[in-house]
1. Other chains near B:159-169: what is the mean number of their Cβ atoms within 10 Å of each residue's Cβ?
2. Output needed for the protein assembly as shown: three equivalent-ellipsoid semi-axes, defined as square roots of 5 times the C-alpha gyration tensor eigenvalues, in descending order, whole Å.
3. Translational diffusion coefficient of the range B:314-419 at 25 °C, 0.890 mPa s, Stokes-Einstein with Kirkwood Rh over Cα pairs, in µm²/s as a whole number.
4. As an exercise, use a Förster radius of 35 Å and the Cβ-Cβ distance of B:Leu552 and B:Asn529 to find the FRET efficiency, rounded to the nearest 0.05.
5. Regarding the range B:72-115, what whole-number volume in Å³ per residue does the convex hull of its Cα atoms give?
6. Taking a probe of 1.4 Å, how large is the accessible area per residue of the protein assembly as shown, in Å²?
7. According to a simple spin-label model (label point 7 Å from Cα along Cα-to-Cβ), what is the distance in nm between B:Asp176 and B:Glu321?
8. How crowded by other chains is B:131-140, given as the mean number of beta carbons from other chains within 10 Å of each beta carbon?
Amino acid sequence: MSPKQTPRTATANRNAAKAASSEYLLRLYVAGQTPKSLQAFANLKEICERHLKGRYQIEVVDLIENPALARGHQILALPAVVRQLPPPVKKIIGDFSNAERVLVGLDLRPLKKLRSA
Amino acid sequence: MPAPSASTRRRTKPAVRIHGIEKVPSGIAGLDEITGGGLPKGRTTLVCGGAGCGKTLFGMEFLINGAREHGDPGVLLAFEETADEIAKNVASLGFDVQDLVERSLLTIDFVKIDRSEIQEAGEYDLEGLFVRLDHAIKSVKAKRVVLDTLEALFAGFTNEALLRSELRRLFHWLKDTGVTAVITGERGEGTLTRYGIEEYVSDCVISLDNRVEDQISTRRMRIVKYRGSAHGANEYPFLIDDGGFSVLPVTSLGLNYEVSYERVPTGVPALDDMLEGGGYFRGASILVSGTAGTGKSSLAGLFADASCRRKEKALYFALEESGSQIRRNMRSIGLDLDGWCKKGLLKIQAARPSVFGLEMHLVTIHKLIEEFEPRAVVVDPLSSLVTTGNVGEVKSMLVRLFDYLKMKQITCLVTSLTSARGFEETEVGISSLIDTWFQVRDIEIGGERTRGLYLVKSRGMGHSNQIREFLITSKGVNLIPVAVGPNGVLTGSARVNQETEQRAQALARQQEIERKQRALLRKSKALDNQIEAMRAELAAEEEEQRSLATELHDRQMRLTESRTKLAEGRRKS
């Protein structure tokens, strides 16, 4: 699914022009502009900047505006981020305060390493 | 609004409002009777039970019946099955889910939770679930919501404390939304649900159960609690069949049915005579009990036949014989049940008692009665039902059956096989439910077995106290008064003997009388003759007397004449 096919999503990527070439396509689901969702976005962005600089794209979906979109990725818990690219689809929930777990969830770091660390 | 007077207010308010809680009809047959109207409106009901006891179906029926019968749109949030699977499952019960979805009366949202796909990284909440549910409710303007099974959440998320607080929030939110919700939960050990979600649902909890006793399973339902409303507290058997879910309230029917004074002939004129000449009361329950081979089924068949003759439908539940076997056997006593079956006046429903549990039998009977609308019902034999349950259960089933039949004014004849020894044993349980009770007994006299019938009781009518001999012939059944001899009751050839003997004795007496009469006649004739002879003698004597007198007279005349002649002669000479 490309971001172009979901026209009503608010795209938060500053490098929108490079979207097509992004290696990592992430979609962040939130419910409203709550401090919690802002924090989650900030956390996620920080992790991505550190580990995936220039290779990622984050689109933010506000379910308050588009509740129907929650069905597609079976979203229950919020905030949640779904790695749409590269496959397979990965799902991480939480406010992303635990960077290690986010990296595991994004397949950027194997679970074994996390345990030894 | 002007204050209406007390009387009008009472009239305009629906009955359920008296309880204080507004109720939503569940659409499940029988449940609304137990709960006095249905599930609490705008509140959450928890339905819990073990695997395969019908929780999901309960929810589906609630939604589908609400949509179809009350036009209430509904939402199903399914955690275990996809919308397609659910649609297929309930299609076998005749529910067309797709049609309801197209008419915006139902929306099914499948919520898939796969823990392996989800990585938890920090704090989260279940706002997504709320959003989805809210969206689904708004999309069809739902009034009914079913969450099946909410407990699946516990398998999907690690943070149980958070989950619990979110559930609490969810239930509050559901209440605020004003929808009537049903939540299903898996039974736990010692608790109603595995994760104890019953502690969040305080309004109404219904427990479903599927127990197997003696290899026969019976589903039961119990209302554990229903805040703010009176409700039946018993365990009610329920059934899932091709018509869906139906609950049987055991004691919801009170003893306040109307009774009929109309009489229904028994099919045996002599038997009618024993019952004041009229027969049974319409709507009465009749028991024919007896040992094997005493003609109970024949009486049942005759009763059904008599009903059909009056153009009243009869329903025959055969629990030991097949329909065709009954028809063949009844032919031997001159009953053409085939003909009635073809005319649609008689229906023979044959099923082995062990095919299903008592409750299923009861429901089958109920359903058939609703469909066929008979005026007479036969259950033959009732006693074989005991094999499917204990006497207590059978009794409770029969109470319900008889109550139901009485309410519908259907005359019901049941037969019961009794063992030769304790012949009143099995009926002890049910005899109090019976209005008219016949006992057919074997009578053994002089190396011969005959049948004797007598009335144990017949409520509300004078009836014969005599034992009748019960004769089954190819022309039907007849009852004849038994002979009572010096050695007690005589039946069969002993009765015939007795009768012959009595006839012989009577004949002898008759002959003796005639003989004596003849002798008397003879005697009187002889006497007559004697009188005649004496009269003749007398007449002869009189005759003689008369001739003597004449002679004497003549002689004197002659004497006088000769004297005169003599004197004349003297004077001349």
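1. Working: counts 3, 0, 0, 1, 1, 0, 0, 2, 0, 0, 0.
The shielding value for this peptide is 1.
2. Values: eigenvalues 2229, 123, 74 Å².
The three semi-axes for the protein assembly as shown are 106, 25, 19 Å.
3. Values: Rh = 14.2 Å.
For the chosen part, D equals 173 µm²/s.
4. Numbers: r = 34 Å, r/R0 = 0.98.
About 0.50, to the nearest 0.05.
5. Details: hull volume 2.9 nm³, N = 44.
Dividing the Cα hull volume of the range B:72-115 by its residue count gives 65 Å³.
6. Values: 35130 Å² over 690 residues.
Value for the protein assembly as shown: 51 Å² per residue.
7. Each label point is offset 7 Å from its Cα along the Cβ direction, giving 6.9 nm.
8. Numbers: counts 14, 9, 2, 3, 7, 4, 0, 1, 2, 0.
Per-residue shielding by partner chains comes out at 4.
The values are calculated or read from the model by the stated rules, or taken from the named source; none is laboratory data. Keep in mind the model is a prediction, meaning the values are calculated, not measured. Note: ideal-geometry Cβ built from the backbone for every residue, glycine included; neighbour counts use all protein chains shown. Quick note on the areas: whole protein, heavy atoms, side chains included, nothing else; ligands and nucleic acids left out. Shrake-Rupley method; radii C 1.70, N 1.55, O 1.52, S 1.80 Å.
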